[in-house]
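S.K.: The structure's right below; bear with me while I get my questions together.
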There are 4 protein chains.
Amino acid sequence: MRIRVGIIGYGYWGPNLLRNVAASAECEVVALAERRPEARARATAALPGLRTYDDAEAVLALPDVDAVVIATPVATHFPLARQALLAGKHVLVEKPMCATVAEGEELVAIAARTGRTLMVDHTFLFTGAVQKIKETVESGRLGKICYFDSMRVNLGLFQTDVNCLWDLAPHDLSIIDHLMDDEVVGVDVTGYCHVNPTLPDMVYLTLHYAHDAVAHFNLSWMSPMKVRRFVIGGTRQMLIWDDLDQDQKIRIYDSGIEFRPEDQRATIVPDYRAGDIYSPRISRREALAGVVNHFAGVIRGNQAPMMDGSRGLKVVRVLEQAQQVLDRNLAEVAARRRAAQ
Amino acid sequence: MRIRVGIIGYGYWGPNLLRNVAASAECEVVALAERRPEARARATAALPGLRTYDDAEAVLALPDVDAVVIATPVATHFPLARQALLAGKHVLVEKPMCATVAEGEELVAIAARTGRTLMVDHTFLFTGAVQKIKETVESGRLGKICYFDSMRVNLGLFQTDVNCLWDLAPHDLSIIDHLMDDEVVGVDVTGYCHVNPTLPDMVYLTLHYAHDAVAHFNLSWMSPMKVRRFVIGGTRQMLIWDDLDQDQKIRIYDSGIEFRPEDQRATIVPDYRAGDIYSPRISRREALAGVVNHFAGVIRGNQAPMMDGSRGLKVVRVLEQAQQVLDRNLAEVAARRRAAQ
Amino acid sequence: MRIRVGIIGYGYWGPNLLRNVAASAECEVVALAERRPEARARATAALPGLRTYDDAEAVLALPDVDAVVIATPVATHFPLARQALLAGKHVLVEKPMCATVAEGEELVAIAARTGRTLMVDHTFLFTGAVQKIKETVESGRLGKICYFDSMRVNLGLFQTDVNCLWDLAPHDLSIIDHLMDDEVVGVDVTGYCHVNPTLPDMVYLTLHYAHDAVAHFNLSWMSPMKVRRFVIGGTRQMLIWDDLDQDQKIRIYDSGIEFRPEDQRATIVPDYRAGDIYSPRISRREALAGVVNHFAGVIRGNQAPMMDGSRGLKVVRVLEQAQQVLDRNLAEVAARRRAAQ
Amino acid sequence: MRIRVGIIGYGYWGPNLLRNVAASAECEVVALAERRPEARARATAALPGLRTYDDAEAVLALPDVDAVVIATPVATHFPLARQALLAGKHVLVEKPMCATVAEGEELVAIAARTGRTLMVDHTFLFTGAVQKIKETVESGRLGKICYFDSMRVNLGLFQTDVNCLWDLAPHDLSIIDHLMDDEVVGVDVTGYCHVNPTLPDMVYLTLHYAHDAVAHFNLSWMSPMKVRRFVIGGTRQMLIWDDLDQDQKIRIYDSGIEFRPEDQRATIVPDYRAGDIYSPRISRREALAGVVNHFAGVIRGNQAPMMDGSRGLKVVRVLEQAQQVLDRNLAEVAARRRAAQ
């Protein structure tokens, strides 16, 4: 029997979710909740016969709904996911999982207690590019990972419910966590607010990991040109993922430096090695189809969870910590600016 | 009469300096000091008849030398420039001008006292690209500058006398100072050391300026791919300078966001404007020829100095401050890593 | 009242046609003919309630169909369009309009006689890029057009009903005819057959126009990399349209050569002018929506036809002539190969 | 003992020749002939002490000259090379070797009779890129070569002594001959004259080879953007050489089509295979140094000649044939244009 899914929210991402859940052999869409009548009409046009409601409560109360997909503003993730889990539904929630660590901890605890699946839609993990990167990292061909360098910038889209950090960083954070199971021990972050002085629209974030790697994120809603560029530096090889390159999304550089024994490092310049470049073919399968399939597989107990509540919580933990540092940093900068004028 | 120039040091940049000074209608090269005999031989081959010395002192003592160009390791800039100024020579010194603010202040004071020209070779200011950017900024077409975002990364070249910050940041710092005469009120910086634990080879630097602009620098000797990308975000238009793009080094985007009155910013999403792109033709004239010409013009009193000692000192002041923050930051990260393991 | 449209054929392009006709405020889709049951099922899923038939005749016989869109293999365009026009229907047929000049002449004549609209779906004319190019050419900014140079290559898709010439050249031919109303006076063409010795999969076509312009087409189904690059050389400026460039689809180069008086041309090398580049913003509106709107506008007599039967015939005339030259050329090459071995 | 070389002509390419011959361990430059005094002065500045003459005869008469490098306008290649060979000198002549097949046959015959080395400077054969391509082709990884597709376009430089065909095609012709020893059995060529009606500045050339390969050349002095793109299509893999790509000059695509048995080709659509891309590292060694070294090696009998007179003649043979076809073609087009007006 197929998993009967209710969808909560039909905004920007809603049509993609609806289409992919409906197309899945494992699931069927049985209900949808959305406040705006015109959005409900679009949903019915896309899936004729779909039962729609103007209220999430109504869907959560349906006995023939096994699982819900929550695609609403971030502030509502926690109450909706909580209520759904308590009503015995499995939950797939959009990223970020929730707005605070406390919320996340409660959701994880409820999911454990109720035995329901709690999953976060970190869609990128199911792209052909990230799957190929994961495979490359696990093959050991890059050596030990030393750094990540991500540039994720474009013009807009401004969000009203989150700032640029909470909007863009979850992608990179979930990918790095997927590639390398390590702990953040240091967070440096600063940013800039063009529009709204309380919502940074440019953020520069650096994370220091326990086992000697660093990750840098250049995140912006204010760049004239869209860039999606993610670099991994390993001790043996390096990898560049340019998500906008249609021909060569991933390039693996057989380049690096020849490390010297510790005692020579201060005095001897290392040798460079600039080698071949290899660009593997990337699957073009739609990532969201994989997400839906994985959600069903985990619910049925056939697949080990790749992005469950604990993973989603780890991302929120970094975001919360980064936000605190960012707030402090921006306040300090503002004070200095006032002092200088 | 032409200005009689002595060149101190004939390393990586030496041949370019020698060629451009020799080619200048305003100058002639009369002597060169370099310790390594094989480098002296190359200099003589390049300019037959050139008097060479194995010792800088010898050139500084020559009465027929009016000016010296100092192209030696950074640590020697101060003593050599100081001695040259005291010997009554004009000085053009490679970037960064010196290794500490104290040194820089002393050089500026001596130059003022002796009435000699002290100039720093921030070559980029004389490239066709930076000249066009300066012209664009001054035309007002970008509006008020909000941010700079620079990515200056490649594989190598490791320097032995400076770290990645002192090697790469002077370019961007001098360019920004040239474009926008503002003061730094906040410095955030962190980095990573692959090779030598005391010489960061990747640095992430953010500067906050008094009049509400931010500058971010991604500097690295460890990138598999060379990138020289410098973005300026203005309130009206934005500019991208990609120095490796042979066809379109500069692109000006008639894109931006429509700012709202302050009181609406928190609640209303701004409008985007994605417009035409304009790529002006850039002069291909060799920048160093312009530097040499400017040095002569300033010595003769015909040109106002664009990169004199006080400008060079301003760059060193930011570098010194950034280095202090960086040292503290890296020590803290190291301590946290030890604690986490 | 909306124009009641029947769609004949639901293959590769069918879903786009169905979606755009259905979305048009001027039209409604009332019937669809398609032989393959599974394709009919997909059409009904896309537009619930759509009447479908397994036979084009059935749709052509429907009294409540005002117009038909013919999206079937090229060989069937003529009989279907002919029958539709004779049944009093307006016709929008996919490119190329038909397989021979004789067919095309008959269709044009029938359309004239019956007073029905005969239109060819040269979709590219309604892209933002071609609209901007048309505007640029008409502004005179390029000067007199001297050459077109088109590279339209990729890996696949092989067609079974047409060769690479008939598949790819109609795009460029219709665009050039749209930009410049001139006559072809000379055709040079050759090609290569990897797969099927009677269906060239690479074609090199050069057209000489009466008023001193040349057009070259590099067409291929066998290129490892997709290229869609169309260059216009004018006496004053030049334009490059790279349809795969997301950021700068069109670039206008203020470059050229300074022409000399005729009598100096043999002896004096002309001067070059390499100037600024300007890249106008391109509308992203879906072209096919514009086609459907234009079809309706012409039927209603509100718009002058841009790609009627006579225009479609002009394209077929060049294709037929080119095919004859190509056949002769390939036969000659084959004979020489046999002789050489 | 080093080979004593005289250089005839010191124009555009002269400084590179002088520098590389002078730097070679196998050769020394002993004399240079050049009519223009200012060019002679530049040569002496580059190599102090060089004996210069205003007349080629003088150098050809020097008994202490073993070999000459001829870098003069094409029309003078034959008389100079002929005289040099007859004077017992070895000859390295710039491309194209001469202006007619008759000249080329005579040079080859004289070289054979005198036992002197006659070599053509097809410099590209010694670039890292072509060396890597040669290695790739010989490894069999591409399978059988089916096509070459070369785009060699830019704005200028107009030549006064040759047209665009003779200027640009020799590069591609010598490379193809180097990669694949086959005979041309068919030549299609047309072009366009912007400036001088007798000197085409755009040429489209297609060569059909005996063993079932085709080569297409798009050559132009009138393109707003410089392109140097050379594609090789093999039955197994395909290769793109983009000489302006600093990061990935060569890309090998593991893409292709799955060929079917002959009898199925007409009816069944072939399968595509889009695979990985591999970009080998290319040596950056200066090609001309390799040319000079090869010249010396062949003179000394240590290396088998790669681009001797017979190879150079093969290139001229194709050029001459192409020029005849081109002349006929352009005359025919002109006649049709006149008839149409």
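The values are calculated or read from the model by the stated rules, or taken from the named source; none is laboratory data. Keep in mind it's a predicted model, so treat the numbers as computed, not measured. Methodologically, a virtual Cβ is constructed for each residue, glycine included, from the backbone with ideal geometry; neighbour enumeration extends over all protein chains shown.
S.K.: From the list B:R40, B:R4, B:R35, which residue is outside any loop (DSSP other than H, G, I, E, B), more than 18 Å from B:M119 (Cα to Cα), of a type in the set (D, E, K, R) and within 27 Å of the chain's Cα centre (by Cα)?
M.R.: One residue alone meets the criteria, B:R40.
S.K.: From the list B:K134, B:K144, B:K95, which residue is closer than 30 Å to B:W241 by Cβ, crowded, with 20+ Cβ neighbours inside 10 Å and among the charged types (D, E, K, R)?
M.R.: That would be B:K95, the only listed residue that is closer than 30 Å to B:W241 by Cβ, crowded, with 20+ Cβ neighbours inside 10 Å and among the charged types (D, E, K, R).
S.K.: Only one of (1) more than 30 Å from C:T198 (Cα to Cα); (2) away from every other protein chain (no Cβ under 11 Å); (3) at pLDDT below 95 fails for D:D308. Which number is that?
M.R.: Answer for D:D308: the failing condition is (3).
S.K.: Turning to a different aspect of this structure: Tell me which residues, restricted to the range B:156-167, are facing chain A (nearest Cβ under 9 Å) and crowded, with 20+ Cβ neighbours inside 10 Å.
M.R.: Hit for the range B:156-167 is B:F158, nothing else.
S.K.: Among the residues of the range B:180-211, how many are surrounded by 24 or more Cβ atoms within 10 Å (Cβ to Cβ), assigned to a strand (DSSP E or B) and more than 9 Å from chain A (Cβ to nearest Cβ)?
M.R.: Within the range B:180-211, residues that are surrounded by 24 or more Cβ atoms within 10 Å (Cβ to Cβ), assigned to a strand (DSSP E or B) and more than 9 Å from chain A (Cβ to nearest Cβ) number 3.
S.K.: May I pose another question? For C:F230, which of the numbered conditions (1) over 23 Å from C:G128 (Cα atoms); (2) touching a Phe, Trp or Tyr at 6+ places or on another chain (Cβ under 9 Å) fails to hold?
M.R.: C:F230 satisfies every listed condition except (1).
S.K.: I need a count of the residues in the range C:212-222 that are buried (at least 22 other Cβ atoms within 10 Å of the Cβ), within 7 Å of chain D (Cβ to nearest Cβ) and not β-branched (V, I, T).
M.R.: The total comes to 3.
S.K.: Here's something else I'd like to know. Only one of (1) crowded, with 19+ Cβ neighbours inside 10 Å; (2) touching a helix residue (DSSP H, G or I) at 6+ places or on another chain (Cβ under 9 Å); (3) of a type outside the set (S, T, N, Q) is not met by C:Y278, so which one is it?
M.R.: Among (1) crowded, with 19+ Cβ neighbours inside 10 Å; (2) touching a helix residue (DSSP H, G or I) at 6+ places or on another chain (Cβ under 9 Å); (3) of a type outside the set (S, T, N, Q), C:Y278 violates only (2).
S.K.: For the range D:223-239, enumerate the residues that are facing another protein chain (nearest Cβ under 10 Å) and either in contact with a Ser or Thr (Cβ under 9 Å, 6 or more places away or on another chain) or within 30 Å of C:R273 (Cβ to Cβ) (or both).
M.R.: Within the range D:223-239, D:S223, D:P224, D:M225, D:K226, D:V227, D:R229, D:V231, D:I232, D:G233, D:Q237, D:M238, D:L239 qualify.
S.K.: Here's something else I'd like to know. So, C:R311, is that one outside the structural domain of C:D167 (by TED's automatic domain parsing) and either in a loop (DSSP other than H, G, I, E, B) or over 22 Å from the mean Cα position of the chain (by Cα) (or both) or not?
M.R.: Against the criterion (outside the structural domain of C:D167 (by TED's automatic domain parsing) and either in a loop (DSSP other than H, G, I, E, B) or over 22 Å from the mean Cα position of the chain (by Cα) (or both)), C:R311 does not qualify.
S.K.: Since D:V189 meets every condition but one in (1) of a type in the set (A, V, I, L, M); (2) modelled with pLDDT under 95; (3) over 16 Å from the mean Cα position of the chain (by Cα), which condition does it not meet?
M.R.: Only one criterion is unmet by D:V189, namely (2).
S.K.: State whether one or more residues within the range C:168-177 are buried (at least 24 other Cβ atoms within 10 Å of the Cβ) and either within 14 Å of chain D (Cβ to nearest Cβ) or polar (S, T, N, Q) (or both).
M.R.: Yes: one or more hits.
S.K.: Another question, then. If you go through the range C:69-84 one residue at a time, how many are under 15 Å from C:G14 (Cα atoms) and touching a Leu at 6+ places or on another chain (Cβ under 7 Å)?
M.R.: The number of residues fulfilling the criteria is 4.
S.K.: Name the single residue, out of those in the range A:22-38 being acidic (D, E) and in contact with a strand residue (DSSP E or B) (Cβ under 7 Å, 6 or more places away or on another chain), that is surrounded by the most Cβ atoms within 10 Å (Cβ to Cβ).
M.R.: Looking at residues that are acidic (D, E) and in contact with a strand residue (DSSP E or B) (Cβ under 7 Å, 6 or more places away or on another chain), I get A:E34.
S.K.: Would a scan of the range B:112-122 turn up a residue that is of a type outside the set (S, T, Y) and closer than 27 Å to A:F217 by Cα?
M.R.: no
S.K.: Take the range C:113-138 and flag every residue that is touching a Phe, Trp or Tyr at 6+ places or on another chain (Cβ under 8 Å) and either among the aliphatic types (A, V, I, L, M) or within 14 Å of another protein chain (Cβ to nearest Cβ) (or both).
M.R.: Passing the criteria: C:M119, C:A129, C:V130, C:I133.
S.K.: In addition: Among the residues of the range B:179-201, count how many are touching a residue at least 40 places away in the same chain (Cβ under 8 Å) and under 17 Å from A:L207 (Cβ atoms).
M.R.: Going through the range B:179-201 one residue at a time, the tally reaches 6.
Table: residues versus (1) among the hydroxyl-bearing types (S, T, Y); (2) surrounded by fewer than 18 Cβ atoms within 10 Å (Cβ to Cβ); (3) out of contact with any Ser or Thr (no Cβ under 9 Å at 6 or more places or on another chain).
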position	(1), (2), (3)
A:V69	no, no, yes
A:V74	no, no, yes
A:H77	no, no, yes
A:V101	no, yes, yes
A:A109	no, yes, yes
A:A112	no, yes, yes
A:S150	yes, no, yes
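S.K.: Could you go through the range D:139-154 and let me know if any residue there is within 14 Å of chain C (Cβ to nearest Cβ), over 22 Å from D:V227 (Cα atoms), part of a helix (DSSP H, G or I) and not hydrophobic (A, V, I, L, M, F, W, C).
M.R.: Among the residues of the range D:139-154, not one is within 14 Å of chain C (Cβ to nearest Cβ), over 22 Å from D:V227 (Cα atoms), part of a helix (DSSP H, G or I) and not hydrophobic (A, V, I, L, M, F, W, C), which makes the answer no.
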